[in-house]
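S.K.: After the structure tokens below, expect a handful of questions from me.
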Amino acid sequence: MNSVNTPSSIRVLDERSDQVWTKGSGKEFVCDKKSAAGSVTQRACAFCGSRVVLYPIADALHIVHGPIGCAVYNWDIRGSLSSGSQLNRNSFSTDLAEKEVIFGGEKKLKASLLELINFYQPKAAFVYSTCIVGLIGDDVGAVCKQVTKETGIDCIPVDSPGFKGTKKSGYQAACEAAYKLVGTGDTNGISKYSINLLGEFNIAGEAWMIRKYYEKIGIQVVSTITGDGRVDDLRRCHGAKLNLVQCSGSMTHLSKLLKDDYGIPMERVSFFGFEDTARAIYAAAEHFGDPELMRRAEELVRDEISKYAPKLKEYKKRLKGKKAALYVGGAFKAFSLVLALRSLGMQTVLAGTQTGSAEDYEQLKEICDPGTVIVDDSNPLELAKFVLEKDVDLFIGGVKERPIAFKLGVAFCDHNHERKIPLAGFEGMVHFAEEVANSACSPIWKYAPRRQAKALRLPEPEPTAPLACEGGAA
Amino acid sequence: MLEGTTAEIRERKALRINPAKTCQPIGAMYAALGINKCMPHSHGSQGCCAYHRSQLTRHHKDPVVATTSSFTEGASVFGGMANLKTALSNIFNIYEPDIVAVHTTCLSEVIGDDIPMIIKKSAEDGIIPEGKVVIHTNTPSFAGSHVTGFSNQCAAFVKYLAESSGETKNVLNIFPGWVEPADMREMKRLAEMVGVEYIMAPDTSDVLDSPHDGKYHMYPDGGTTVAQLKAMGDSFLTLALGPLASTAAATELEKKCKVPNKVLELPIGVKATDEFVNALRLAGDTAVPADLEKERGRLVDMISDMSQYLHNLKIAIFGDPDHLTSMVSFLVEMGAKPMIVITGTPGKKWEAKMKEICSETNPEAEILAFSDIHYMHQWIKNNPVDLIMGNTYGKYVARTEKLPYVRFGFPILDRVGHRAFPSVGYTGGMRILEKITDALFDQRDREDPDHEVELVL
């Protein structure tokens, strides 16, 4: 029985052994590698990557060209809030059937686009290619061109067949698609102190909080890409004077295009935790070099911190010494989480990402404490192993990790698409602390066998069945 | 969010808006999870596998394990044989299942990978350890729906594993159809009450509704064992519940091992549960126990107690064909009026059957297979209803139209009750009735003007 209740019972897949690294071990670490066939990877595909990045553009039509499943599994799953149009929350699909697989789906796509555009009058349309479209060779670009010509609405192909790679290659395709709109709008009225917020998806309204900081100190936010996104904002975002890039994994490519073609400089920022949020606000103020901006920035940071720091202190008292594991999509989020947890008195003992790059992991290694296990492209068995081995109190991850943590009797905080409360900015940090404290100190854990054993000073429960993996090196 | 949906129904030639179905592989994955120590394997891009696991996790709130062939551009050109062989070798090496259930995806279907040949080659090359099994089913995403995938996977269990020793045993096979783990548990309880020895396949109870025990079990205790799947060939009868989900497996078993079968509707509501219980009684050559008679009596009693609120209650409902057949029959039993019944799964015959069921209270009911939630919504705007029933995706329609909503079917992403409480059997009927009346009454208690609010309902 592959039950995980003793850490040494689990082996790491041989092909993956150099994707698991312990700080202080001195061995090499490998990432950015295709998932081994047959592993229970937590990763998704290129299509998924494109879809999550572009989905928040609320007044665009998003149509999935492929069989029905691809349009269903990502239908309205991302808590990216829109302040206006909710068109993006519908699921539109060409629902390809056998006939089109044989004879091609171009006709069906064209008819679908015409019907939808006529019906909803969107600002633009994104057409996502799925595996099968990549394979049967539909010329999605040509169809988009025709429909754009006939309707006057920009139809933009997103080259995202799933087999192209992980979410990362989908991010690139999404950036390429979004970039088609850039430069087509009027940049009049854009201030000399203006920014775009890239890689901010407005989960639970976070973009609204962040936008306010900049507006308060006198910096105009031209667009948030793509949270609460609008087609017209994208069209004129090339008029902004600075790009602040948060989710670097998804948006580095777009910011690079904006830099190459329009000379807009970029700064990598994070809005998670007091330190990073303050740094992100100062970065913009500093960039524009106006002492008045800096003065207001300092004032804002001071005000916010004095407002929220006392609350944080309360949580820190409850959380001090607790241990955390995190497994998130991109690496930049992992850095911020490690720092934020540290500021709550917690130690990160396991850090991993689905799609981090070598450079990312270098930085992650830097900021983690010795003994921290770092994993790339992990799976449930491995994660469970390290959670138990390191006696973790809190797990931070996404939908697939949540029930695993709970089954092990470990607290959980969603730091992914499905989080329900804003965790960004100064106020968000308090929400984060509250959620972590609520989960980590939940009364339910006193019934978790591992804690129960500790409370009663009993030995840990013995494995109930012989472990299938025993004998293998951990 | 559905402010763009208008009452004007336009003809759509080529388009799905807010689907009432999903693709085959997720059904195959769900069925395979109901086999003990089975690793479902998705032969395609890794996104498919991640999506299905996430969706099943959101619905069941339990860890869902499955592997993928992780197709790349190379595999899409040269075929997925190398990927599948590597995958099988890795799976048996590290995850040590008893059985791997491979299902295809649109990608591997179009490439045309010959899975039986790859399995055979893997066996010859010693990749499949002694005593372990690899089975497969074809689940092209561009045909049928998720229910077809479930059905195909069930048929594959039989094709690959059922054996006939020549000696018929006094055991009944039950194919439960695509129902919740709690429903399978209830079906087993009924069979045990009636006193029949049975094998149920698949059985996701104790797999996807596993208790908290402080451990992570890659393979929880539940699920039909491979030995049981083999033994199904020696049973004297098969009950196939849910025609779309279970007929293929039952037919296959008849063909292969000469086990006769009886296809029944899912036991939801009085009549359909009666039929199931009766079939169990006949199979076991026993009497229906008094306790079960009482359960039935309590259901009938509850329906009659609430009947004044149920008569001519106008209901819009969408979901999967098997679920709808039984649920709509139950609604008709209560005296309610199904106004519109929609499924995304194709099926002309099903439409005819539904028409007949609805005719008792509403001969004019709008019945459509291969349709979507958007159409149902537009139709409701023209033909007002009192209540909507369906999976989570329908909640926005109810919200927009300010109507009470009862969740049933797959997936349910925003409630927990379906995990714990069955919809099948007499007790399941009582739960459905409670949910319907709660939804109606909660709305009235909240929204009726002061002078009309009543204490006693």
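Derivation of every value follows stated rules applied to the coordinates shown; laboratory data play no part. Fair warning: this is a prediction, and the values are worked out from it, not measured in the lab. In this analysis, Cβ positions are derived from the backbone assuming ideal geometry, glycine residues included, and neighbour counts consider all displayed protein chains.
S.K.: Apply the Karplus curve 6.51 cos²θ - 1.76 cosθ + 1.60, θ = phi - 60°, to the phi angles in region A:130-146 and return the couplings in whole Hz, x for Gly and Pro.
M.R.: Values per residue, Gly and Pro as x: 10, 2, 5, 5, x, 7, 7, x, 4, 8, 5, x, 5, 4, 4, 4, 4 Hz.
S.K.: Give me the three principal axis extents of region B:284-371 from the C-alpha atoms, as integers in angstrom, largest value leading.
M.R.: Between the extreme Cα coordinates on each principal axis of region B:284-371 lie 43, 36, 18 Å.
S.K.: Give me D for chain A in µm² s⁻¹, whole number, from Stokes-Einstein with Rh from the Kirkwood sum over alpha-carbon pairs, 25 °C and 0.890 mPa s.
M.R.: Working: Rh = 23.7 Å.
Translational diffusion coefficient: 104 µm²/s.
S.K.: Based solely on C-alpha atoms, express the radius of gyration and the Dmax of region B:169-292 in angstrom.
M.R.: When restricted to the Cα atoms of region B:169-292, Rg and Dmax are 14.6, 45 Å.
S.K.: For helix B:181-194, what angle does its Cα long axis make with the longest principal axis of chain B, in degrees from 0 to 90 and rounded to 10?
M.R.: Long axis of B:181-194 versus the principal axis of chain B: about 90 degrees.
S.K.: Counting other Cβ atoms within 10 Å, keep those with at most 11, restrict to DSSP loop, and tell me which GluC sites (Glu not before Pro) in region B:391-457 are left.
M.R.: Working: sites: B:GLU401, B:GLU434, B:GLU447, B:GLU452, B:GLU454; in loops: B:GLU401, B:GLU454.
Here the GluC sites (Glu not before Pro) that fit, given the DSSP loop and packing criteria, are B:GLU454.
S.K.: Does region B:24-160 classify as rounded, prolate or oblate by the C-alpha gyration tensor (a ≥ b ≥ c root eigenvalues; a/c under 1.5 gives rounded; else a/b over b/c gives prolate, otherwise oblate)? Kindly include the intermediate steps, with their values, before the conclusion.
M.R.: Numbers: a/c = 1.40, a/b = 1.14, b/c = 1.23.
Since a/c stays below 1.5, the shape of region B:24-160 is classed as rounded.
S.K.: Report for chain A the percent antiparallel among DSSP-assigned beta bridges with both residues inside it, nearest 5. Kindly include the intermediate steps, with their values, before the conclusion.
M.R.: On the way: 4 of 48 bridges.
About 10 percent, rounded to the nearest 5.
S.K.: May I ask you to compute the full-extension gain from A:ILE421 to A:TYR262, defined as 0.36 nm times their residue separation minus their alpha-carbon distance, rounded to one decimal in nm? Could you put the intermediate results ahead of the total?
M.R.: Working: separation 159, 0.36 × 159 = 57.24 nm, distance 3.56 nm.
Result: 53.7 nm gained on full extension.
S.K.: Starting from 0.36 nm per residue, how many nanometres of slack lie between B:LYS262 and B:HIS451 once their C-alpha separation is accounted for? Please report the intermediate quantities before stating the final value.
M.R.: Values: separation 189, 0.36 × 189 = 68.04 nm, distance 5.45 nm.
Stretched fully, the B:LYS262-B:HIS451 segment lengthens by 62.6 nm.
S.K.: Note the full-extension length gain between B:ALA290 and B:GLU254 as 0.36 nm times their separation in residues minus their Cα-Cα distance, in nm to one decimal. It would help to have the intermediate numbers written out before the result.
M.R.: Working: separation 36, 0.36 × 36 = 12.96 nm, distance 3.36 nm.
Answer, rounded to one decimal: 9.6 nm.
S.K.: Where does region B:99-186 land on Rg(C-alpha)/(2.2 N^0.38 Å)?
M.R.: Numbers: Rg = 15.7 Å, N = 88, 2.2 N^0.38 = 12.1 Å.
In units of the 2.2 N^0.38 Å rule of thumb, it is 1.30.
S.K.: Hey, got a sec? Which trypsin sites (Lys or Arg not before Pro) in region A:247-320 land in a DSSP loop and have at most 15 other Cβ atoms within 10 Å?
M.R.: Values: sites: A:LYS256, A:LYS259, A:ARG268, A:ARG279, A:ARG295, A:ARG296, A:ARG302, A:LYS307, A:LYS311, A:LYS313, A:LYS316, A:LYS317, A:ARG318, A:LYS320; in loops: A:LYS320.
The qualifying sites are A:LYS320.
S.K.: Could you compute the FRET efficiency for B:ARG415 and B:GLU356, with r as their C-beta to C-beta distance and R0 at 35 Å, rounded to 0.05?
M.R.: FRET efficiency, B:ARG415 to B:GLU356: 0.65.
S.K.: Quickly work out the A:GLN146-to-B:ASN312 label distance, labels modelled 7 Å from Cα along the C-beta direction, and quote it in nm with one decimal.
M.R.: 5.2
S.K.: With a cap of 13 neighbouring Cβ atoms within 10 Å, and only residues DSSP puts in a loop, list the trypsin sites (Lys or Arg not before Pro) found in region B:10-81.
M.R.: Values: sites: B:ARG10, B:ARG12, B:LYS13, B:ARG16, B:LYS21, B:LYS37, B:ARG53, B:ARG58, B:LYS61; in loops: B:ARG10, B:ARG12, B:LYS13, B:LYS21, B:LYS37, B:LYS61.
Answer by residue number: B:ARG10, B:LYS13.
S.K.: Give me D for the protein assembly as shown in µm² s⁻¹, whole number, from Stokes-Einstein with Rh from the Kirkwood sum over alpha-carbon pairs, 20 °C and 1.002 mPa s. Please list the in-between numbers first.
M.R.: On the way: Rh = 29.1 Å.
The calculation lands on 74 µm²/s.
S.K.: Pairs B:LYS121/B:LYS258; B:LYS314/B:LYS402; A:LYS99/A:LYS149: which exceed 24 Å Cα-Cα?
M.R.: On the way: B:LYS121/B:LYS258 30 Å; B:LYS314/B:LYS402 14 Å; A:LYS99/A:LYS149 27 Å.
Cα-Cα > 24 Å for B:LYS121/B:LYS258; A:LYS99/A:LYS149; rest within.
S.K.: Could you pull out the pairs from B:LYS256/B:LYS349; A:LYS316/A:LYS385; A:LYS317/A:LYS385; A:LYS107/B:LYS353 whose alpha carbons sit more than 32 Å apart here?
M.R.: Values: B:LYS256/B:LYS349 26 Å; A:LYS316/A:LYS385 27 Å; A:LYS317/A:LYS385 28 Å; A:LYS107/B:LYS353 34 Å.
Listed pairs above 32 Å: A:LYS107/B:LYS353.
S.K.: Please list, or write none, the aspartates and glutamates whose alpha carbon is within less than 20 Å of the alpha carbon of A:LYS322, excluding same-chain residues fewer than 8 places away.
M.R.: A:GLU314, A:ASP369, A:GLU389, A:ASP391, A:ASP393, A:GLU401, A:ASP414, A:GLU434, A:GLU435, A:GLU460
S.K.: Under 5 Å between amide H atoms, partner at least 5 residues away or on a different chain: which partners does B:SER235 have, H built in plane at 1.01 Å?
M.R.: Those qualifying (amide H under 5 Å, at least 5 residues apart or on another chain) are B:LYS169.
S.K.: Mind jotting down the distance between the C-alpha centroids of region B:67-120 and region A:326-365, whole Å?
M.R.: Going from one Cα centre to the other spans 33 Å.
S.K.: For region A:377-424 and region A:148-214, compute the distance between their C-alpha centroids and round to whole Å.
M.R.: For region A:377-424 versus region A:148-214, the Cα centre distance is 30 Å.
S.K.: Once you keep just the Cα pairs under 8 angstrom separated by 6 or more residues, what percentage relative contact order results for region B:258-378? Provide the component values of the computation, followed by the final result.
M.R.: Details: 157 pairs, mean separation 26.8, N = 121.
The value is 22 percent.
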